């Protein structure tokens, strides 16, 4: 029997009770998902969600968000204003109760809100707890009230400041995140917020959302009367559509509202997004399951009824009917059940039935009344099914070959000796020259090198069967060990880090984009689980007297020159145009040594925007790509032609 520890006490006196919002400060991950930049943005979303709930209640049509120069944030709406009167049982202001007490809000019994995104009543109080300071202004019933908090604690009672105009109502919340919680160099990203608020405006028809960044003066405003129909058109504006958007909005007897929009395009990828009470449920849920089931079943029924599928043909599978599909499903649920406080997945079982019923009815009517569009959709599904069968055979061939000992790994792969996948790395390198330097410079114990010859296939313009016939991609799939498509399995991943290492020139950028497109479309779990990185080779070697320093950006170069106290013309300055220009020792020291290197983790912060960007840059439509290049031409640095 093991000896009992005498150093740890576990008595009644050791049981802790965390007062007020201390639990949030102690365990922020339980309430906002962590303390990283994603959680930082979540603070803003929680406050804006409250304003959106006012819009859903028909009490608000204007929301303004300002990021101040000191990283404080102000969210203002013209809703009803948080109640400030004394709570009958708690004997303090309802405003203070909402701001300082977990699970206090007007969203539990359905009295204050018919539907809302703020289910748990912890949102704004969690934001208050994780803020260095927070100030709330309320205009309600002709009166103006304020209260200030520091790290969640009220600095005094709710103060009244006299009368306002009767039509002036709403809540204004200003807060600054607490640097004791969100440590390091964290700051709000304007682009991230733009995507979130654009989505909110799409799924909250008629509301105007304005974002102003006082740090650099950028601002955006969103207002969409077309709702999610406009959202689908926005996503498909660079694609060739097969038919007009099919839209259905239906309220069920229990108050649940299903809002869905569907459009097929000539593209190969699908773009399907789900929202519950305006919140982007990135992991889907019952509403997404209902949408997908309805679409597949309806197409099969139409194809059978019109003899477009032969008796000997199998029904279309879901994968066949989702190719080229752009769809949004947005549900308003009186009592939403999310998987967690961060609300990434909807769990209500009744939503699946309601969504399937509403979408089936509307989509079936559309197919019956638009035979040309319906037959085009079925033809696309037939082509997809044939391609899927060809891809399965090609994939099986790749797997069978990989099973043979002599073909387990591609011949050009320089593998590492370690069998510990968690601590090993695969560098995907452009060209044989750079591959040679990388093979000589690496640490053979844990670093593997896979050189690619030339530019890989543009997977944005090809189906899986064609992709699997490409030798470079077959080598990549074989080296990673995960399989692809339906057979993708993260458990088989042979390397904890997959690192794209290309030249800092136009060709290198193109190859990097092609690789990212492939991973985004066909190995997205690799990105989502944090296994994909981009190496950052230096741009310059700066030599001065006996010193040598590497500059990874133009800013680095200017900083180093300033620290050396010399002008550019008085130092040795070598510009690296390619990885092959560095000798193995330099490549190790600058780009591959874990002690010195800089790696960029590839993330999918916003799937809709990533989908649109890859489609624009790598798809078949030329005008949008030309507009993008013309718009961003002035931002290009180090262009080698």
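Considering only residues that are in a helix (DSSP H, G or I) and touching a strand residue (DSSP E or B) at 6+ places or on another chain (Cβ under 6 Å), look in region 203-236 and name the one that is nearest to residue 26 (Cα to Cα).
Taking region 203-236 as the starting set, the residues that turn out to be in a helix (DSSP H, G or I) are 203, 228-235.
Those left that are additionally touching a strand residue (DSSP E or B) at 6+ places or on another chain (Cβ under 6 Å): 203, 228-229, 231-232, 235.
Numbers: 203: 34, 228: 39, 229: 43, 231: 39, 232: 41, 235: 40 Å.
Looking at the filtered set, the residue picked out is 203.
Does residue 548 satisfy being more than 26 Å from the chain's Cα centre (by Cα), assigned to a helix (DSSP H, G or I) and modelled with pLDDT of 85 or more? Spell out the reasoning first.
On the way: more than 26 Å from the chain's Cα centre (by Cα): yes; assigned to a helix (DSSP H, G or I): no; modelled with pLDDT of 85 or more: yes.
Spelling it out, it is not the case that residue 548 is more than 26 Å from the chain's Cα centre (by Cα), assigned to a helix (DSSP H, G or I) and modelled with pLDDT of 85 or more.
If you go through region 440-457 one residue at a time, how many are touching a residue at least 40 places away in the same chain (Cβ under 8 Å) and buried (at least 17 other Cβ atoms within 10 Å of the Cβ)?
Within region 440-457, residues that are touching a residue at least 40 places away in the same chain (Cβ under 8 Å) and buried (at least 17 other Cβ atoms within 10 Å of the Cβ) number 8.
Does residue 316 fit the bill of being at pLDDT 90 or above, crowded, with 17+ Cβ neighbours inside 10 Å and over 27 Å from residue 521 (Cα atoms)?
Numbers: at pLDDT 90 or above: yes; crowded, with 17+ Cβ neighbours inside 10 Å: yes; over 27 Å from residue 521 (Cα atoms): no.
Answer is no for this residue.
Here is a yes/no grid of residues against (1) surrounded by 20 or more Cβ atoms within 10 Å (Cβ to Cβ); (2) under 18 Å from residue 281 (Cβ atoms); (3) modelled with pLDDT under 90:
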{"site": "330", "(1), (2), (3)": "yes, yes, no"}
{"site": "341", "(1), (2), (3)": "no, yes, yes"}
{"site": "347", "(1), (2), (3)": "no, yes, no"}
{"site": "374", "(1), (2), (3)": "yes, no, no"}
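The conditions are (1) at pLDDT 90 or above; (2) surrounded by fewer than 15 Cβ atoms within 10 Å (Cβ to Cβ); (3) under 29 Å from the mean Cα position of the chain (by Cα), and residue 103 fails exactly one of them. Which is it?
Against the list (1) at pLDDT 90 or above; (2) surrounded by fewer than 15 Cβ atoms within 10 Å (Cβ to Cβ); (3) under 29 Å from the mean Cα position of the chain (by Cα), residue 103 comes up short only on (1).
Can you confirm whether region 580-600 contains a residue that is part of a strand (DSSP E or B) and either more than 30 Å from residue 489 (Cα to Cα) or touching a strand residue (DSSP E or B) at 6+ places or on another chain (Cβ under 7 Å) (or both)? Explain how you work it out, then say what you get.
Step one: list which residues in region 580-600 are part of a strand (DSSP E or B), which gives 599-600.
The next check asks that each one be either more than 30 Å from residue 489 (Cα to Cα) or touching a strand residue (DSSP E or B) at 6+ places or on another chain (Cβ under 7 Å) (or both); those that pass are 599-600.
Yes: region 580-600 contains one or more residues that are part of a strand (DSSP E or B) and either more than 30 Å from residue 489 (Cα to Cα) or touching a strand residue (DSSP E or B) at 6+ places or on another chain (Cβ under 7 Å) (or both).
Select from region 23-38 the residues that are in contact with a helix residue (DSSP H, G or I) (Cβ under 7 Å, 6 or more places away or on another chain), within 17 Å of residue 339 (Cβ to Cβ) and in a helix (DSSP H, G or I) and list them in ascending order.
31, 32
Just the residues that are closer than 28 Å to residue 234 by Cβ and out of contact with any helix residue (DSSP H, G or I) (no Cβ under 6 Å at 6 or more places or on another chain), please, taken from region 293-318.
Within region 293-318, the first condition is being closer than 28 Å to residue 234 by Cβ, and the residues that meet it are 293-299, 302, 316, 318.
Once the filter is applied, which keeps residues that are closer than 28 Å to residue 234 by Cβ and out of contact with any helix residue (DSSP H, G or I) (no Cβ under 6 Å at 6 or more places or on another chain), region 293-318 yields only 297.
Kindly provide the set of residues from region 416-438 that are touching a helix residue (DSSP H, G or I) at 6+ places or on another chain (Cβ under 8 Å) and surrounded by fewer than 24 Cβ atoms within 10 Å (Cβ to Cβ), ordered by number.
We begin by selecting, within region 416-438, every residue touching a helix residue (DSSP H, G or I) at 6+ places or on another chain (Cβ under 8 Å); these are 426-431, 433-434, 436-438.
Matches in region 416-438: 431, 433, 436.
State whether the residues of region 280-287 include one that is assigned to a strand (DSSP E or B), modelled with pLDDT of 90 or more, assigned by TED's automatic domain parsing to the domain that holds residue 352 and crowded, with 22+ Cβ neighbours inside 10 Å.
Among the residues of region 280-287, at least one is assigned to a strand (DSSP E or B), modelled with pLDDT of 90 or more, assigned by TED's automatic domain parsing to the domain that holds residue 352 and crowded, with 22+ Cβ neighbours inside 10 Å, which makes the answer yes.
Where residues in region 133-186 are in a loop (DSSP other than H, G, I, E, B) and in contact with a strand residue (DSSP E or B) (Cβ under 6 Å, 6 or more places away or on another chain), which of them is modelled with the lowest pLDDT?
164
Determine if region 355-377 includes at least one residue that is more than 14 Å from residue 263 (Cα to Cα) and part of a loop (DSSP other than H, G, I, E, B).
Taking every residue of region 355-377 in turn, none turns out to be more than 14 Å from residue 263 (Cα to Cα) and part of a loop (DSSP other than H, G, I, E, B).
Is there a residue in region 251-264 that is part of a helix (DSSP H, G or I), touching a helix residue (DSSP H, G or I) at 6+ places or on another chain (Cβ under 9 Å) and over 29 Å from residue 76 (Cβ atoms)?
The first filter runs over region 251-264 and keeps only residues part of a helix (DSSP H, G or I), leaving none.
No.
For residue 365, only one of the following conditions fails: (1) at pLDDT 95 or above; (2) surrounded by 15 or more Cβ atoms within 10 Å (Cβ to Cβ); (3) over 31 Å from the mean Cα position of the chain (by Cα). What is its number?
It is condition (2) that residue 365 fails.
Sort through 52, 63 and tell me the only one that's crowded, with 23+ Cβ neighbours inside 10 Å, assigned to a helix (DSSP H, G or I) and either out of contact with any strand residue (DSSP E or B) (no Cβ under 7 Å at 6 or more places or on another chain) or in contact (Cβ under 8 Å) with a residue 24 or more places away in the chain (or both).
Values: 63 fails: assigned to a helix (DSSP H, G or I).
Answer to the selection: 52.
Spot the failing condition for residue 200; the list is (1) part of a helix (DSSP H, G or I); (2) crowded, with 22+ Cβ neighbours inside 10 Å; (3) assigned by TED's automatic domain parsing to the domain that holds residue 332; (4) touching a residue at least 60 places away in the same chain (Cβ under 8 Å), and only one is missed.
(3)
In region 518-538, what count of residues is obtained for those that are crowded, with 20+ Cβ neighbours inside 10 Å and in a loop (DSSP other than H, G, I, E, B)?
Number of matching residues: 4.
Restricting the search to region 540-565, which residues are touching a strand residue (DSSP E or B) at 6+ places or on another chain (Cβ under 6 Å) and exposed (fewer than 15 other Cβ atoms within 10 Å of the Cβ)?
Within region 540-565, 543 is the sole residue that qualifies.
If residue 611 passes every condition in (1) within 27 Å of residue 441 (Cα to Cα); (2) surrounded by 15 or more Cβ atoms within 10 Å (Cβ to Cβ); (3) modelled with pLDDT under 90; (4) touching a strand residue (DSSP E or B) at 6+ places or on another chain (Cβ under 7 Å) but one, which one does it miss?
The failed condition is (1).
Please find, among 541, 516, the residue that is out of contact with any helix residue (DSSP H, G or I) (no Cβ under 6 Å at 6 or more places or on another chain) and either over 28 Å from residue 571 (Cα atoms) or without any contact (Cβ under 8 Å) to a residue 24 or more places away in the chain (or both).
Details: 541 fails: either over 28 Å from residue 571 (Cα atoms) or without any contact (Cβ under 8 Å) to a residue 24 or more places away in the chain (or both).
Exactly one residue qualifies, and that residue is 516.
The values are calculated or read from the model by the stated rules, or taken from the named source; none is laboratory data. As the structure is a computational prediction, the values presented were derived from the model and not from experiment. A quick note on method: Cβ atoms are made from the backbone with ideal geometry, for glycine too, and the neighbour counts reach across all protein chains shown.
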